[in-house]
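Derivation of every value follows stated rules applied to the coordinates shown; laboratory data play no part. Note that the structure is a prediction, hence the values are computed from the model and not measured. Glycine gets a Cβ as well: all are built from the backbone with ideal geometry, and neighbour counts include every protein chain shown.
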Amino acid sequence: MNDAATPARYDFAAAEPRWQEAWTAQRCFSVPDVPAGDRPKYYVLEMFPYPSGKIHMGHVRNYTLGDVVARYKRARGHQVLHPMGWDAFGLPAENAARERGVHPAQWTYANIAAMRAELQRMGLSLEWDREFATCDPSYYGHQQKLFLDFLKAGLAERKESWVNWDPVDHTVLANEQVIDGRGWRSGAVVEKKKLSQWFLSITKFAPELLSALDGLERWPERVKLMQANWIGRSEGARVRFALETPAGGIPEVEVFTTRPDTLFGMSFLAVAAEHPLAAAAAANNPQIARFITEVRSLGTSEAAIEQAEKRGIDTGLRVRHPFTGETFPVWIANFVLMEYGTGAIFGCPSGDQRDLEFARKYALPVPPVILPPGADPASFQIGDTAYTEDGTLFNSGFLDGLGTAEGKRAAIDALEKQGAGTGVVNWRLRDWGVSRQRYWGCPIPVIHCEACGVVPVPDEQLPVTLPEDVDFSKSGNPLDHHPTWKHVGCPSCGKPARRETDTFDTFVDSSWYFARFTAPKAGTPLVAEAANGWLPVDQYIGGIEHAILHLLYSRFFTRALSGMGKMQAPEPFAGLFTQGMVQHASYRAKDGRWLAPDEVDVAADGSATDKATGLPVTVSRNDKMSKSKRNTIDPGAIIDQFGADTARWFILSDNPPDRDMEWTTAGVTGASRFSQRLWRLVHNALPTLPAPEVLPAADAARDLRRATHRTIAAVTEALETFAFNVAVARIHEFANVLEAHQGADAAARREALEAAARLISPMMPHLAEELWSMLRPGAPLVATLPWLESDAEIAKADSVTLAVQVLGKLRATIEVPVGADEATIFATAEAEENVQRALAGRPIRKRIHVPGRIVNFVA
RNA sequence: GCGGGUGUGGCGGAAUGGUAGACGCGACGGACUCAAAAUCCGUUUCUGGCAACAGAGUGUCGGUUCGAGUCCGACCACCCGCACCA
């Protein structure tokens, strides 16, 4: 290897740690808790990781994207806050405890140490001094304080709600732990069970959370749309239907509808299985009781409920129509959601597809009430498809002849007049249930006292820390079985009382961490000057899977905390970027085993064989990297083999960052080759370059200098717009130009090579420092330098190529001087032989000229 | 089921309504080498043609326009989210 004939190569393994140390030693990435001086602030944040133990390519992509932004903004003169921490509570630690007997805390902190080391090798411009984990008592203790403030402000309350219950393990299951309606561990059929739980009153902010979306100009439209749909504002009416004979003391059923205009199309009324009326009907009817039990085994997830086959049972009860006095049957239906509206609907099969399917299945009538424009009222029939669009009302008594909008108004007026209903705005958004029956989470700091009720833990007793001696061998919540932990004296009356054993949803932890990062060591949860100085986060980056919940909860917390005067920030994240997933081909043997990428040989045509057996394997593309499919690539191994810069460069070059990318070995080796090529360009040029002070002569190497300044402009624009793959492409092109100009004016070449070194710095920061130190020994680090400016005068072109079309088809291209007059351009274009042939002697009827772009002749 | 997104060569992708396929990967041909690796040069959307050139072409069908990958309408396929995974 050290043979004199071997060409010199860039030794990334030596260089990368060296530059990382230099950045740390010079504290290049440190900023004060309160932004100071006249440099504008810029807060770059990537969604902090769950410490699973190893970083995966999704993390590498996420943090590379953030680091490009952080380094670029720093070069543009901002003081950049760029912290990192750990979303450290959650189920996997408890699973590890159950499966391997390792304590969640020990497991988690070991994972954090391992992942921190891996992240540090990536050369990210992070300020590690601000690091914390949400499982640190110094973090979650402050969270408990915030919860007590929520309680005082009336933003937290106890309510009952339904959970997935495993009757064998005696434990609450997450939706992901419910597989085909059964508990993942026990295999028992899951039931819905009602528990009293803590809720945060996010619905109080629903109107604001919705209207403020408009102001989030640097959020993807689709994320805003998803949030708007999630919040789900809908205008409609609540309508009360009196029961013909009250059941279980219930005299009437209230439904919510967005279509009061279709009330005359009613054919039945349906309630959710959890509705009180359902329980009343089941009281002395075992068949109904059995049906309710069956529906309860569907689980609590909306997807499971709505995807299930539509089923129902007639309760035998009947309700009276407020307008006609007619009576209709009351059904219990599995597609009616207790959580939405009032948990009851009136069924109008002609105007709602779900109602129609239900009516057809149970042979209920389908009276049509909305006439599509142009349809004949005498012959109009509903087949397999409900008519859900606007139209003209008919068969609808006093509403006949009205349009949809007027019909709604008239129906609501009539309902209000006779006291049978009111026009209302309904929200899909529900209050946020934050209670979890788990050990590895932040304890909810309240005490239940027989005499005093719910008593907040006094401030001076915070934090309420988790006990360390816990037993995971029993099913259920370990905090609940702990022999002593929950037994405490009531802070109010002193009598024996019981500590709350539920812990917070981990989404609570991540709803304010971005604010804590501004003053991570403070003795109070937040320091207003720090939070106000840095927030909102200027650029937040993470996966699209968080588009709704995490972002919405953070927006809610930001408003709540601002409302309580803890800080003043209208929104947590001014700019949001959602990255795509990292995928990899997966390989499956004939016998069904999944094979890891290093267990197969991939041929040139893409087919693959099992290295061990030589048998062909099935290759599938575009699979999300996952342990189960064994198609993960370990970032650590990639960095060992190719270096952090290569991994970063490939990830940026592959495709636009908001799309899913495919990790390929070929792509990595290509990126590696390019880093060596750049290094070689500088290495080979060094002996021929003049001193840095020598400026290129005015007209020396114009092509090269034009390319240099055009590249600066193009890369700058690409970085500004998150088009990192385009930035990479422009630098590739520039390298091609550099190679073609190795004999050009030496000062121009120095200018070009120095530009190359600095333009790659957000993306390949180590190589940038290496090249810069070669070109300018002893000069300050690239990490401390301002961004390059393009000189428009040098970048300007002398001539321009115009496409010439005849009837919109390309027939020739012409080269004209910049600023040539239109007549000359048309004459030149017309004179082209190919243009003449295409015109075939026909007169030109119209001449179109788009300066700098195109000439089109219409003949 | 509801909501959201994506679709361009062999592959990843580029393209303010204006030359479709920049740039990279792969492949093929060549140079260097005893040989290989590394590196460099060239070709590479498809069809026809020696070529000049012509025709077709951005998931499908239709529309607007001098001109559509881009705008509009309908459809198809795939992916993601759905409140206790993080």
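Shown is the FRET efficiency for A:ASP129 and A:ARG680, computed with R0 = 41 Å from the Cβ-Cβ distance and rounded to the nearest 0.05: 0.65.
The residue list A:ALA666, A:ALA779, A:ALA713 was ranked by how far each Cα lies along the charge dipole of region A:664-784 toward its positive end, using unit charges on Cβ atoms, and A:ALA666 comes out on top. Compared with the direct C-alpha span, the chain from A:GLU306 to A:LEU195 gains 37.7 nm at full extension, assuming 0.36 nm per residue. Here A:LYS495 is the anchor, and the aspartates and glutamates within straight C-alpha reach of less than 18 Å, apart from those fewer than 8 places off in the same chain, are A:GLU450. Subtracting the Cα-Cα distance of A:HIS170 and A:ALA283 from 0.36 nm times their residue separation leaves 38.1 nm of extension gain. The three principal axes of the Cα atoms in region A:771-815 give end-to-end lengths of 60, 20, 16 Å, sorted in falling order.
Annotation: amide H of A:VAL617 within the under-5 Å range of A:ALA608, A:THR609, A:ASP610, sequence separation 5 or more or interchain, hydrogens built in the peptide plane.
Please work out, to two decimal places, the log10 of the ratio I(q)/I(0) at q = 0.19, 0.22 Å⁻¹ from a Debye calculation in which every Cα of region A:217-337 carries one identical scatterer. Taking Cα atoms of region A:217-337 as identical point scatterers yields -1.08, -1.28.
The Cα atoms of region A:799-858 give a gyration tensor whose axes a ≥ b ≥ c have a/c of 1.5 or more with a/b greater than b/c, which makes the shape prolate. Rounded to the nearest 20, the Cβ-based charge dipole of chain A about its Cα centre (Lys and Arg +1, Asp and Glu -1) stands at 300 debye. The calculated 222 nm mean residue ellipticity attributable to helices in chain A amounts to -10500 deg cm²/dmol, summing -39500 (n - 2.57) over DSSP H runs of n ≥ 4 and dividing by all residues.
Averaging the Cα positions of each part gives two centres, and for region A:444-498 and region A:626-692 these lie 53 Å apart. The calculated FRET efficiency for A:THR824 paired with A:ARG702, based on their beta-carbon distance and R0 = 22 Å, is about 0.35.
Identify the residues of region A:319-350 with backbone N under 12 Å of a label point that sits 7 angstrom from the Cα of A:ARG360 along the Cα-to-Cβ direction, or state none. Correct set: A:350. Distance between the pseudo-spin-label points of A:THR669 and A:LEU785 (7 Å out from Cα toward the beta carbon): 3.3 nm.
Expressed to the nearest 5 percent, the antiparallel share of DSSP beta bridges inside chain A is 80 percent. Quick check: Cα centre of region A:345-403 to Cα centre of region A:502-562, how many Å? Value for the Cα centre distance between the two parts: 48 Å. Sequence-ordered 3J(HN,Hα) estimates for region A:485-495 from the Karplus curve with 6.51, -1.76 and 1.60 and θ = phi - 60° stand at 3, 7, 8, 9, x, 5, x, 8, 10, x, 6 Hz, glycine and proline given as x. Along the Cα-to-Cβ line of A:GLU693, 7 Å from the Cα, sits a label point; which residues in region A:751-795 have backbone N less than 16 Å from it? Inside the label zone: A:776-777, A:779. Once you have a ≥ b ≥ c as the square roots of the Cα gyration tensor eigenvalues for region A:411-552, tell me rounded if a/c is under 1.5, and otherwise prolate or oblate according to whether a/b is larger than b/c. Cα axes put region A:411-552 in the oblate bin. Which lysines have a Cα less than 23 Å from the Cα of A:LYS846, not counting those fewer than 8 places away in the same chain? Of all the lysines, those that pass the test against A:LYS846 - Cα under 23 Å, at least 8 places apart if same chain - are A:LYS809.
For chain A, the square roots of the Cα gyration tensor eigenvalues, ordered a ≥ b ≥ c, give a/c of at least 1.5 with a/b no greater than b/c, which places it in the oblate category.
Placing R0 at 56 angstrom, the Cβ-Cβ distance between A:ALA8 and A:ALA105 gives a FRET efficiency of 0.70 after rounding to 0.05. The slack in the chain from A:MET226 to A:CYS452, taken as 0.36 nm per residue of separation less the alpha-carbon distance, amounts to 77.1 nm.
For helix A:221-231, report the angle its Cα long axis makes with the longest principal axis of the Cα atoms of chain A; keep it between 0 and 90° and round to the nearest 10°. Once rounded, the angle reads 10 degrees. For region A:385-398, putting each phi into the Karplus relation 6.51 cos²θ - 1.76 cosθ + 1.60 with θ = phi - 60° gives couplings of 10, 6, 9, 9, 7, 6, x, 10, 6, 8, 6, 10, x, 5 Hz, in residue order, rounded to whole numbers and with x for Gly and Pro.
Against the longest alpha carbon principal axis of chain A, how many degrees, from 0 to 90 and to the nearest 10, is the axis of helix A:91-100 turned? Rounded to the nearest ten degrees, it is 90. Give the residues of region A:795-824 whose amide nitrogen is closer than 19 Å to a point set 7 Å from the Cα of A:ARG842 in the direction of its Cβ. What the label zone holds, given the 19 Å backbone N cut-off, is A:804-812. Taking amide H as placed 1.01 Å from N in the peptide plane, A:LEU317 has its amide H under 5 Å from the amide H of A:VAL330, each at least 5 places away in sequence or on another chain.
Of A:LYS204/A:LYS310; A:LYS486/A:LYS521; A:LYS145/A:LYS474; A:LYS41/A:LYS521; A:LYS521/A:LYS566; A:LYS152/A:LYS204, which pairs sit farther than 26 Å apart, going by alpha carbon to alpha carbon? Cα-Cα > 26 Å for A:LYS204/A:LYS310; A:LYS486/A:LYS521; A:LYS145/A:LYS474; rest within.
Close amide H pairs (under 5 Å, H built 1.01 Å from N) link A:GLU252 with A:LEU243, residues at least 5 positions away or on another chain.
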